[in-house]
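Notes to accompany the following structure.
The values are calculated or read from the model by the stated rules, or taken from the named source; none is laboratory data. Please read these numbers as outputs of a predicted model, since none were measured by experiment. Because the Cβ atoms are built from the backbone with ideal geometry, glycine has one as well, and the counts that use them run over all protein chains shown.
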Amino acid sequence: MIPSQFDYELAGTADEAVGLLSQHDDAKLLAGGHSLLPLMRLRFASPALLVDIGRLSELSYIKEADGSIAIGALTRHHDLAGSDVLRERCAVIAETAEGIGDPQVRHRGTIGGSVTHSDPASDLPTVLLALEAEMVARGPSGERAIAAADFFTGFLESALRDNEILTEIRVPAIGSAGAYVKFNRRAQDWATVGVAAVRLNGATNVALTNMGATPLRAAGVEEALAAGADTAAASAQAANGTSPPSDTNGSAEYRAHLASILTKRALEALDG
Amino acid sequence: MRRIGMTVNGSPRTADVEPRELLVYVLREHLGLTGTNVGCDTSSCGACTVLLNGESVKSCTVLGVQADGQEITTIEGLARNGELHPVQQAFHEHHGLQCGYCTPGFVLAAVSLLNENPSPSEAEIREGLEGNLCRCTGYHNIVKAVQAAASS
């Protein structure tokens with residue numbers, strides 16, 4: 001039993017969900033529920049209304065168009081991991097999804113839920129930041145696109161407005177030119193630190209998981225690589241400008257150390 | 001309160017639930033199916049694993065209302081005509097349990113794994129069961145049981 005009571009509405013269409021969000025001040029969207037329900041169970045969140053968008057199957061898809069891949073927000077981690085389109089055209093997303101949580105979590109959790117929850121310890125937001133992905137939001141006055149760099153605004157906060165829902169995520173078709181590595185102490189744990197590295201438009205983008213309040217670009221690494229530094233020298237810059245947390249999984253100093261090690265591994269995986 | 005209807009272990013069932021009631025409690029307290037155990041209650045341990053439309057899920061992290069209209073399989077629904085399901089039989093023969101508390105969840109996670117990958121390697125079995133914890137640390141025989149079920 002979740003401690004506090006709430007109302008529940010099952011949305012039949014995306015526009016119906018937007019309408020329900022617009023009519024209620026204290027409503028939250030429910031997709032797979034694997035970020036939100038544990039928070040509610042632990043009394044960290046107590047919305048008055050859950051708007052269930054979990055049955056909107058029209059928002060579950062992976063399709064290729066004009067050199068980019070469009071992923072419906074309700075596509076589950078399980079479906080990302082098993083997607084032939086992604087394995088061929090943007091493998092880092094499928095590979096990252098395969099490492100999220102465990103099979104039961106991947107059967108329910110969605111890419112849109114992970115992104116909008118904006119937990120800096122989540123894997124996919126970091127990969128999407130490195131990929132310079134575009135998030136498509138739908139609100140009462142239509143759709144708008146938000147760059148990943150502008151999307152993650154704070155700890156568990158995103159640029160989505162209260163009456164918007166995320167409908168689609170667009171990523172470039174980079175084939176196998178991406179890698180994501182993370183370190184955690186137990187199989188299903190969140191990443192203590194994670195690093196995404198991708199080659200895009202002739203540059204190498206590097207992004208970090210759990211090194212601050214949001215996923216972060218490792219600007220020091222990117223600048224060093226652009227200036228011709230080798231992998232080891234560039235990786236040493238990974239924690240520059242970050243403010244990693246200290247918790248039971250590791251101190252800030254340990255995370256800074258991990259960031260350099262994992263950046264080196266991610267860059268080597270990119271070359272390998 | 002709202003009425004939900006599910007197909008549970010092949011039979012239509014209804015329950016009047018509050019939105020905040022989790023599927024595991026709907027199964028246990030409304031439908032009397034106490035074979036599904038509650039472990040951590042926070043989607044870590046996998047003791048409450050059931051099949052939702054044939055796929056493993058942790059029923060402590062699914063609302064009963066989310067399961068409205070869906071098909072659920074619990075440990076009570078695996079045996080056919082008094083014959084244990086091959087995965088149940090393999091857990092029995094290979095002693096894939098110690099205290100038994102995590103066992104229903106492990107069996108259903110294994111059924112889902114074998115549905116998706118009928119002949120997994122040992123590594124794939126261990127990875128496929130990473131969402132289930134056995135505090136007796138009985139993993140060795142659990143993996144053996146799933147290997148045996150896969151080849152039966």
Of the numbered conditions (1) in contact (Cβ under 8 Å) with a residue 40 or more places away in the chain; (2) under 12 Å from the mean Cα position of the chain (by Cα), B:V24 fails exactly one; give the number of that condition. (1)
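Residues checked against (1) within 25 Å of A:R185 (Cα to Cα); (2) of a type in the set (S, T, Y):
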{"site": "A:Q5", "(1), (2)": "no, no"}
{"site": "A:A27", "(1), (2)": "no, no"}
{"site": "A:L37", "(1), (2)": "yes, no"}
{"site": "A:L49", "(1), (2)": "no, no"}
{"site": "A:S60", "(1), (2)": "no, yes"}
{"site": "A:S68", "(1), (2)": "no, yes"}
{"site": "A:C90", "(1), (2)": "no, no"}
{"site": "A:A94", "(1), (2)": "yes, no"}
{"site": "A:P103", "(1), (2)": "yes, no"}
Exactly one condition in (1) more than 10 Å from chain B (Cβ to nearest Cβ); (2) touching a His at 6+ places or on another chain (Cβ under 8 Å) is not met by A:L49; state its number. (1)
Note down all Cβ pairs under 6 Å where the first residue falls in region A:225-236 and is within 20 Å of A:L200 (Cβ to Cβ), the second is part of a helix (DSSP H, G or I) and of a type in the set (V, I, T), and they're at least six residues apart or on different chains. A:A234/A:V221; A:S235/A:T263
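Residues of region B:23-35 being in contact with a strand residue (DSSP E or B) (Cβ under 6 Å, 6 or more places away or on another chain) and either within 11 Å of another protein chain (Cβ to nearest Cβ) or of a type in the set (S, T, Y) (or both), which ones? Full working, then the answer.
Start the filter on region B:23-35 by keeping residues that are in contact with a strand residue (DSSP E or B) (Cβ under 6 Å, 6 or more places away or on another chain), which leaves B:26, B:30-31.
If the condition is that a residue be in contact with a strand residue (DSSP E or B) (Cβ under 6 Å, 6 or more places away or on another chain) and either within 11 Å of another protein chain (Cβ to nearest Cβ) or of a type in the set (S, T, Y) (or both), then B:V26 is the only one that fits.
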Can you tell me how many residues in region A:50-75 are over 19 Å from the mean Cα position of the chain (by Cα) and surrounded by 19 or more Cβ atoms within 10 Å (Cβ to Cβ)? 4
Among A:E134, A:E143, which is touching a residue at least 24 places away in the same chain (Cβ under 8 Å), surrounded by fewer than 24 Cβ atoms within 10 Å (Cβ to Cβ) and either closer than 24 Å to A:A213 by Cα or of a type in the set (S, T, N, Q) (or both)? A:E134
Which numbered condition in (1) under 19 Å from A:H117 (Cβ atoms); (2) touching a Cys at 6+ places or on another chain (Cβ under 6 Å) is the only one that A:I69 fails? (1)
Of the conditions (1) within 11 Å of chain B (Cβ to nearest Cβ); (2) part of a loop (DSSP other than H, G, I, E, B), A:E132 fails just one. Which one is it? (1)
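Can we say B:Q89 is part of a loop (DSSP other than H, G, I, E, B), more than 17 Å from A:V105 (Cβ to Cβ) and more than 13 Å from chain A (Cβ to nearest Cβ)?
no
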Go over the candidates A:G241, A:G154 one by one and state the one that is out of contact with any Lys or Arg (no Cβ under 7 Å at 6 or more places or on another chain) and without any contact (Cβ under 8 Å) to a residue 40 or more places away in the chain. A:G241
Filter pass, B:S119 being outside the structural domain of B:C40 (by TED's automatic domain parsing) and either at positive phi or in a loop (DSSP other than H, G, I, E, B) (or both): yes
Out of (1) free of Cβ contacts under 8 Å to residues at least 60 places away in the same chain; (2) surrounded by 15 or more Cβ atoms within 10 Å (Cβ to Cβ); (3) under 20 Å from B:T34 (Cβ atoms); (4) out of contact with any Phe, Trp or Tyr (no Cβ under 7 Å at 6 or more places or on another chain), what's the single condition that is false for B:G100? (2)
Could you tell me whether region B:9-17 includes any residue that is touching a residue at least 60 places away in the same chain (Cβ under 8 Å) and surrounded by fewer than 16 Cβ atoms within 10 Å (Cβ to Cβ)? yes
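Yes/no per residue for (1) at pLDDT 95 or above; (2) surrounded by 21 or more Cβ atoms within 10 Å (Cβ to Cβ); (3) of a type in the set (K, R); (4) not in a strand (DSSP E or B):
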{"position": "A:Y180", "(1), (2), (3), (4)": "yes, yes, no, no"}
{"position": "A:D189", "(1), (2), (3), (4)": "no, no, no, yes"}
{"position": "A:V198", "(1), (2), (3), (4)": "yes, yes, no, no"}
{"position": "A:L208", "(1), (2), (3), (4)": "yes, yes, no, no"}
{"position": "A:G220", "(1), (2), (3), (4)": "yes, no, no, yes"}
{"position": "A:E223", "(1), (2), (3), (4)": "yes, no, no, yes"}
{"position": "A:A229", "(1), (2), (3), (4)": "yes, no, no, yes"}
{"position": "A:A233", "(1), (2), (3), (4)": "yes, no, no, yes"}
{"position": "A:A239", "(1), (2), (3), (4)": "yes, yes, no, yes"}
Near pairs, Cβ below 7 angstrom, 6+ apart or cross-chain, from region A:18-46 (free of Cβ contacts under 8 Å to residues at least 24 places away in the same chain) to any residue that is surrounded by 21 or more Cβ atoms within 10 Å (Cβ to Cβ): A:K28/A:L36; A:K28/A:L50; A:P38/B:S43; A:P38/B:T61; A:A45/A:L36
